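The block underneath contains the structure these notes are about, expressed in structure tokens.
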Amino acid sequence: MSSRLFAQDNELQLAKQYNTNGEPQKALEIYQKLYKQDNEAYYSYYINTLLSLKKFDDAESATKKLIRKHPQAHEYQILLGTVYTQQGNLNKADAIYDGLIQNLPADRNEIAMLAGQFYQSANLEYAIKIFLQGRKVLNNNDAFTYELLNLYRFKRDKAALTKEYLNFLPSNPDFITQAENAFANVYEGDADYNMLKGALLRRIQKDPQQIVYTNLLTWQYMQQKEFDLALNQELAMSRRQNDDGNSIYELCRTLTTNEAYDAAIRGYEYIISKGKTLPLYIPAKIELINTKNLKITSGKYLPADLLGLEQDYTDLLTEFGRNTNTVFAMQKLAQLQAFKLHKFNDAQKLLEDAVNVPNIRPELLASCKLDLGDVYLINNQPWEATLLYSQVEKDFPNTDINQDAKFRNAKLAYYTGDFTWAKGQLDVLKAATSQLIANDALNLQLLIDDNTAGDSTGGALKIYARADLHIFAEQPDKAVITLDSIDKKFPNNSLSDDILMSKSRILIQQKNYTNAVPLLKKIADEHPNDLWADDAVFMLGDIYENRLADKASAQVWYQKIITNYPGSLWINEARKRFRTLRGDKPDS
């Protein structure tokens, strides 16, 4: 017996090899022999090969024999339907399938098994019909929900998937995130989201107390970037429930991430208006000012805007004092004073107070110390800065904070012209777990290497580093004057692409994207193999996409990263953005 099985296995492998080699007739002869020897075990191999050779009569005859032998085995009836389908006789196939549906037993397991057999034969349409008829037979509209959701998602039947989830969610609200993810994966544009919106509005009209629908409607508005409508929806629910504003607070954080600053400000103001007794009063006040900060500094602003923002932070600290709850506000105010208002002494004093507030979270304390180190640096106290950076580095071994502190120390050495020590630090950081720090460390090391090879003193590089420090301190006028002095003092320097990049960054810092573009293009065209080439190309794509609203040009520059710079740090992000702009579906 075992020798016979062994022989059959060998013949089966040979038949599979014939099929792989494109010789199905030889495979059929083996399968037919095995089928006759051990009828049903080799049935599927035999029938599938007959179908591939379009020998439909033989396939029909063999299948009917097995149906007569096993009248209750539905898989043979389904396979007979497959034979008729491939033969082009759809009416006969449907008659078989419809007969199975009409005679469906009131047995949940039998229904699921039959639907599974349709699914295995790649007939999703009838698998769905079986489950829907099963609901009727069992008189249970909630039966087979999970199975139908999976089938609709697999089939990308948006309307049916939407309806099924909307029926399911009221009694299963915890599945709302799953529903949102499913919709995001199958919806392809505004028409699909509008379908969802229409369905939700109709259901809310019938059942206004159903919170899961209103939450889903808020999500739908967010997907279509209708931020004010999303906020209005949440505000209406919050007022109706007279809650503590927690959902508004979370939504506002998302709005801020999406740069919908006006809507976020309106939401935080609503929370604040509910009174000081609510737990979110202080966090909302802080986030309100932070959002105003982002709104002002992300666009073109006047000195008066910055002074008004400074006063908001000052009023907040006057109202609530300087403590663990307001350290974050102290840090934000210090950043504003140092980098926007250039009040270095005020910022330094504020951060010195912040790091002495008791019981601060260790990570927040480290962040404040690093900021204080930055202020010491731009306030001409590099020794104090390096002490703080080194302290944070020591306190957080083997962490991203450690690597950040080490990189700031390396940058400090670079800014102050100590290139040898900087290179020693940067050499270690090239293997940093943070890809961004590793890349920045490599770029800085290459910059130093390139510009000290022929001049061990690095005279031109020292001036460039001072300009870099002015850029870091957001002092653009001083930076440009310093950059322009390099060619005068060192006419044969090798910093031309670096100077172009620095001037580009100054213009971007000033939101002057139109004038930054030609400088970046000059780097891409005249220095295609130099340090900043791939950065310039990616920055052009980003500016065209997100600042100048020119999607076609953005696509061209992202394509250039993919084609010309396959080893770039930006390759994955460029590829993702290119595909999005091209209109690829998320799963393609």
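The values are calculated or read from the model by the stated rules, or taken from the named source; none is laboratory data. This structure is a prediction, so every number in the text was calculated from the model and none was measured. Using ideal geometry, Cβ is built from the backbone for each residue, glycine included, and neighbour counts are taken over all protein chains shown. When the accessible area is computed, the model is the full protein with side chains, heavy atoms only, and any ligands, DNA or RNA have been set aside. Shrake-Rupley method; radii C 1.70, N 1.55, O 1.52, S 1.80 Å.
Below is a table of values for the structure above.
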read-out	value
Per-region count, segment 317-357, residues surrounded by 19 or more Cβ atoms within 10 Å (Cβ to Cβ), aliphatic (A, V, I, L, M) and under 23 Å from L280 (Cβ atoms)	5
Subset of segment 475-498 [among the charged types (D, E, K, R) and over 21 Å from V375 (Cα atoms)]	D484, D487, K488, K489, D497, D498
Subset tally (residues that are modelled with pLDDT under 80 and under 44 Å from the mean Cα position of the chain (by Cα)) for segment 95-112	2
Residue within segment 192-205 that is within 18 Å of E250 (Cα to Cα), at pLDDT below 95, open to solvent by 40 Å² or more (accessible area, probe 1.4 Å) and not aliphatic (A, V, I, L, M) present	no
Cβ pairs under 8 Å, 6+ apart, first in segment 411-424 and within 17 Å of A460 (Cα to Cα), second in a loop (DSSP other than H, G, I, E, B)	G417/G458; F419/G458
Extreme residue, surrounded by the most Cβ atoms within 10 Å (Cβ to Cβ), among residues of segment 301-316 that are hydrophobic (A, V, I, L, M, F, W, C) and under 13 Å from K332 (Cβ atoms)	L309
Residue ranges of helices (runs of 4 or more DSSP H) in segment 271-349 with at least 1 members under 20 Å from S247 (Cβ atoms) and either of a type in the set (K, R) or touching a Leu at 6+ places or on another chain (Cβ under 6 Å) (or both)	281-297
Of all residues making up segment 122-151, the number that are more than 33 Å from the chain's Cα centre (by Cα) and part of a loop (DSSP other than H, G, I, E, B)	6
Tally of residues being assigned to a helix (DSSP H, G or I), open to solvent by 60 Å² or more (accessible area, probe 1.4 Å), out of contact with any helix residue (DSSP H, G or I) (no Cβ under 7 Å at 6 or more places or on another chain) and not basic (K, R) across segment 224-253	4
Single match in Q435, Q445, Q510 (criterion: under 28 Å from G373 (Cα atoms), without any contact (Cβ under 8 Å) to a residue 40 or more places away in the chain and surrounded by fewer than 15 Cβ atoms within 10 Å (Cβ to Cβ))	Q510
Helices (runs of 4 or more DSSP H) contained entirely in segment 358-418, each with at least 1 residues that are of a type in the set (S, T, Y), open to solvent by 20 Å² or more (accessible area, probe 1.4 Å) and in contact with a strand residue (DSSP E or B) (Cβ under 7 Å, 6 or more places away or on another chain)	none
Residue within segment 142-163 that is modelled with pLDDT under 95, surrounded by 17 or more Cβ atoms within 10 Å (Cβ to Cβ) and on the phi > 0 side of the Ramachandran plot present	yes
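Per-residue answers, yes or no, for (1) without any contact (Cβ under 8 Å) to a residue 40 or more places away in the chain; (2) in contact with a Ser or Thr (Cβ under 6 Å, 6 or more places away or on another chain); (3) surrounded by fewer than 22 Cβ atoms within 10 Å (Cβ to Cβ):
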position	(1), (2), (3)
A473	no, no, yes
I499	yes, no, yes
D525	yes, no, yes
F538	yes, no, no
